[in-house]
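> I'd like to ask you about the structure that follows.
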Amino acid sequence: AQKVTQAQTEISVVEKEDVTLDCVYETRDTTYYLFWYKQPPSGELVFLIRRNSFDEQNEISGRYSWNFQKSTSSFNFTITASQVVDSAVYFCALRFQYGGSQGNLIFGKGTKLSVKP
Amino acid sequence: DAGITQSPRYKITETGRQVTLMCHQTWSHSYMFWYRQDLGHGLRLIYYSAAADITDKGEVPDGYVVSRSKTENFPLTLESATRSQTSVYFCASRRDPANTGELFFGEGSRLTVL
């Protein structure tokens, strides 16, 4: 079965704190893709990153970084020095290379991050 | 560059009425998707389409109908709306012909069924 678990339903931090959003996935496929999306209060879904299963290098983009570990089936997202504008719901998603639904994304239930000034 | 546009953005209807949510994309992407977002469930796939005149069911298709007569349009119809279909609906498309690319989402349509 393909599944994405985001165990943290809500997280609240104070501005400038670092915060890590957890994502654990399940898949039997050897080739798959992992994604993070951001949904700010305005409601749109914004693509943040895609990783394929063969690339375990961590990635950093400004204050954002992602830690992909196949050994623990995790793809965690860290925001360094959080800002109020980071307040949003963050979704982790999985797509497997082969199978039905033509590349459908399987989403976790999301983590709501609130950054307070 | 309009991307994906959904209409209406907000809709209130009554139980039993037919409702159509429109989705239009300007990129000529082959693949299009409809998701619904509900608290506690994240986003769940309703229907998807690989090309014009090719559609298939997703995880939660019951009560919905789709069509894809043109590549750029992918309307979602609730033939007889129920309260359980109160939700936020997102249309998405994919650029990459392989199964690798990210999905691009519309702004969502918030539907309330009274």
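The values are calculated or read from the model by the stated rules, or taken from the named source; none is laboratory data. Remember, it's a predicted structure, so these values are computed and weren't measured experimentally. No Cβ is skipped: glycine too gets one built from the backbone with ideal geometry, and neighbour counts run over all protein chains shown. The accessibility values were calculated without ligands, DNA or RNA, using every heavy atom of the protein model including side chains. Shrake-Rupley method; radii C 1.70, N 1.55, O 1.52, S 1.80 Å.
> Not counting the cut sites, what is the longest span of chain A without chymotrypsin sites (Phe, Trp or Tyr not before Pro) that DSSP labels loop and that have at most 14 other Cβ atoms within 10 Å?
Here the longest segment lacking exposed loop sites spans A:1-53.
> Could you work out what % of the accessible surface of the stretch B:1-93 is carbon and sulfur, using a 1.4 angstrom probe and leaving DNA, RNA and ligands out of the count?
Details: 2140 of 4560 Å².
Here carbon and sulfur together make up 47 percent of the probe-accessible area.
> Ignoring solvent entirely, what values of log10 I(q)/I(0) come out of the Debye formula for the stretch A:16-62 at 0.13, 0.27, 0.30, 0.31 Å⁻¹ when each Cα is a single scatterer?
Treating every Cα as an identical point scatterer, log10 I(q)/I(0) equals -0.42, -1.24, -1.29, -1.29.
> Which of A:Lys3/A:Lys116; A:Lys38/B:Lys11; A:Lys3/B:Lys11; A:Lys38/A:Lys116; A:Lys16/A:Lys112; A:Lys38/A:Lys70 have a Cα-Cα distance over 29 Å?
On the way: A:Lys3/A:Lys116 31 Å; A:Lys38/B:Lys11 24 Å; A:Lys3/B:Lys11 32 Å; A:Lys38/A:Lys116 18 Å; A:Lys16/A:Lys112 17 Å; A:Lys38/A:Lys70 23 Å.
From the list (A:Lys3/A:Lys116; A:Lys38/B:Lys11; A:Lys3/B:Lys11; A:Lys38/A:Lys116; A:Lys16/A:Lys112; A:Lys38/A:Lys70), the Cα-Cα distance tops 29 Å for A:Lys3/A:Lys116; A:Lys3/B:Lys11.
> Residues of the stretch A:61-93 with amide nitrogen under 18 Å from the 7 Å Cα-to-Cβ point of A:Lys16?
It comes to A:63, A:79-87, nothing else.
> Note the direction-averaged projected area, equal to a quarter of the hull surface, for the Cα convex hull of chain B, in nm². Working shown, then result.
On the way: hull surface 26.6 nm².
Result: a mean projected hull area of 6.7 nm².
> Once fully extended, how much extra length lies between B:Glu14 and B:Lys70, figured as 0.36 nm per residue of separation less the alpha-carbon to alpha-carbon distance? Don't jump to the answer; show the numbers that get you there.
On the way: separation 56, 0.36 × 56 = 20.16 nm, distance 2.93 nm.
Length gained, B:Glu14 through B:Lys70: 17.2 nm.
> Please compute the Cα-Cα pair-distance distribution of the protein assembly as shown with 5 Å bins starting at 0, giving whole percents from short to long.
1, 7, 14, 18, 18, 16, 12, 8, 4, 1, 0
> DSSP loop (so not H, G, I, E, B), at most 15 other Cβ within 10 Å: list which trypsin sites (Lys or Arg not before Pro) in the stretch A:13-59 pass both filters.
Details: sites: A:Lys16, A:Arg28, A:Lys38, A:Arg50, A:Arg51; in loops: A:Lys16, A:Arg28.
Those satisfying the criteria are A:Lys16, A:Arg28.
> Give the share of C-alpha pairs in each 5 angstrom bin for chain A, from 0 to the last occupied bin, in whole percents, shortest bins first.
2, 12, 23, 24, 19, 11, 6, 2, 0, 0
> Determine the total buried accessible area between chain A and chain B, counting protein heavy atoms only with a 1.4 Å probe; round to the nearest 100 Å². If you can, show how the numbers build up before the last one.
Details: alone 6610 and 6380 Å², together 11180 Å².
Adding both sides of the contact gives about 1800 Å².
> Can you work out the FRET efficiency for the pair B:Arg83 and A:Val24, with r the C-beta to C-beta distance and R0 = 25 Å, to the nearest 0.05? Numbers along the way, then the final one.
Working: r = 33 Å, r/R0 = 1.33.
That gives a FRET efficiency of 0.15.
> Continuing with this model, one more query. Pairs of alpha-carbon atoms within less than 8 angstrom and 6+ residues apart define the contacts here; what relative contact order does chain A have, in percent?
Details: 285 pairs, mean separation 44.3, N = 117.
Normalised by residue count, the contact order of chain A is 38 percent.
> With an 8 Å cut-off on Cα pairs and a minimum separation of 6 or more residues, tell me the relative contact order of chain B in percent.
Computed value for chain B: 35 percent relative contact order.
> Counting only protein heavy atoms and a 1.4 Å probe, tell me what percentage of chain A's accessible area is made up of carbon and sulfur. Kindly include the intermediate steps, with their values, before the conclusion.
Numbers: 2760 of 5710 Å².
On chain A, the fraction of accessible area on carbon and sulfur atoms equals 48 percent.
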